[in-house]
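Step one of this worksheet: look at the structure below.
The values are calculated or read from the model by the stated rules, or taken from the named source; none is laboratory data. In this text, all values refer to a predicted model and were calculated from it rather than measured experimentally. Don't worry about glycine lacking a Cβ; one is built from the backbone with ideal geometry, like all the others, and counts go over all protein chains shown.
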């Protein structure tokens, strides 16, 4: 018999701090009434089997509110005790761009309110913290660039042809398929790639799903960036320019270029690591400018370890 107390199980959930421009130049926040609990909350729900938290957040917001949203920067994580154990809720900032609310079994009323009124209406303190995070002014709410590292492509020494033509392996193709499932939530308007087969193949399923071509971006190839980093940085800065409407450009590059780009933008990581991480199949979601940069790292988009098995 174990004498150590077991950690309570984690109930994984995800949701959105959903906003839209207000008539006074500010913004309004969506707050939902849940008849089951008779409380006012932000739209959220538990992860389904095999889901990443980001995909679950978008699905839950759509199911509860009927709204079409574009995902922005990562919000905060809240935790609190529930009967089953500890509930962990990951939030994303989301801009409403369409759709319409209709009362349903989970939410019978939806109100659009200025942030102060929205926070006051929320029943739970952890929801008020999410609204406060939405109002941060040091970083933008909506990103403009997704910087993707190509997926797994086997060993270079096992490939007989030119390295530029080395294709994705089975794992890399699965990573590419996962990117195509999740990244449309950021509303990509263009898909660019270094001229490497493994880079082009990584974003090809996403481009096909969106009905977009994969356009070349020579400056972000590994050797090209090393030869002229200023040209690569200039291309990135142009792609990160503010937009009048939500949406992003997706760029697939290589491990020899992405960390240097991030360092030049001012991205730093905690600990002793010098360069920001850039695992194969990973995504950096970027917005803003040095000194006011939002930079969210997604090591992968696989199923959340706390999602139902």
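Residue check: is residue 106 surrounded by fewer than 21 Cβ atoms within 10 Å (Cβ to Cβ) and at negative phi?
Criteria met by residue 106.
Give region 112-136 a look and list any residue that's in a loop (DSSP other than H, G, I, E, B) and under 13 Å from residue 17 (Cα atoms), or say none.
Answer for region 112-136, where residues must be in a loop (DSSP other than H, G, I, E, B) and under 13 Å from residue 17 (Cα atoms): 114, 122, 135, 136.
Whether any residue in region 137-145 is at pLDDT 95 or above, in a strand (DSSP E or B) and within 26 Å of residue 293 (Cα to Cα) is what I want to check.
Checked region 137-145: at least one residue is at pLDDT 95 or above, in a strand (DSSP E or B) and within 26 Å of residue 293 (Cα to Cα).
Check 198, 243 and return the single one that is outside the structural domain of residue 98 (by TED's automatic domain parsing) and surrounded by fewer than 23 Cβ atoms within 10 Å (Cβ to Cβ).
Every option except 243 fails the conditions.
Quick one: which residue in 8, 114 is closer than 19 Å to residue 308 by Cα and touching a residue at least 24 places away in the same chain (Cβ under 8 Å)?
It is 8.
Going by the structure shown, is residue 14 assigned to a strand (DSSP E or B), under 22 Å from residue 136 (Cβ atoms) and assigned by TED's automatic domain parsing to the domain that holds residue 96?
yes
For region 65-86, what are the residues that are closer than 16 Å to residue 127 by Cα and in a helix (DSSP H, G or I)?
Once the filter is applied, which keeps residues that are closer than 16 Å to residue 127 by Cα and in a helix (DSSP H, G or I), region 65-86 yields nothing.
Taking the options 256, 292, 281, name whichever one is buried (at least 20 other Cβ atoms within 10 Å of the Cβ) and either at positive phi or out of contact with any strand residue (DSSP E or B) (no Cβ under 9 Å at 6 or more places or on another chain) (or both).
281
Please list, ordered by residue number, the strands (runs of 3 or more DSSP E) wholly in region 244-309 having 2 or more residues that are modelled with pLDDT of 95 or more and more than 25 Å from residue 96 (Cα to Cα).
Output list reads 248-253.
Where residues in region 87-111 are in a strand (DSSP E or B) and free of Cβ contacts under 8 Å to residues at least 40 places away in the same chain, which of them is farthest from residue 24 (Cα to Cα)?
Taking the candidates together, the pick is 99.
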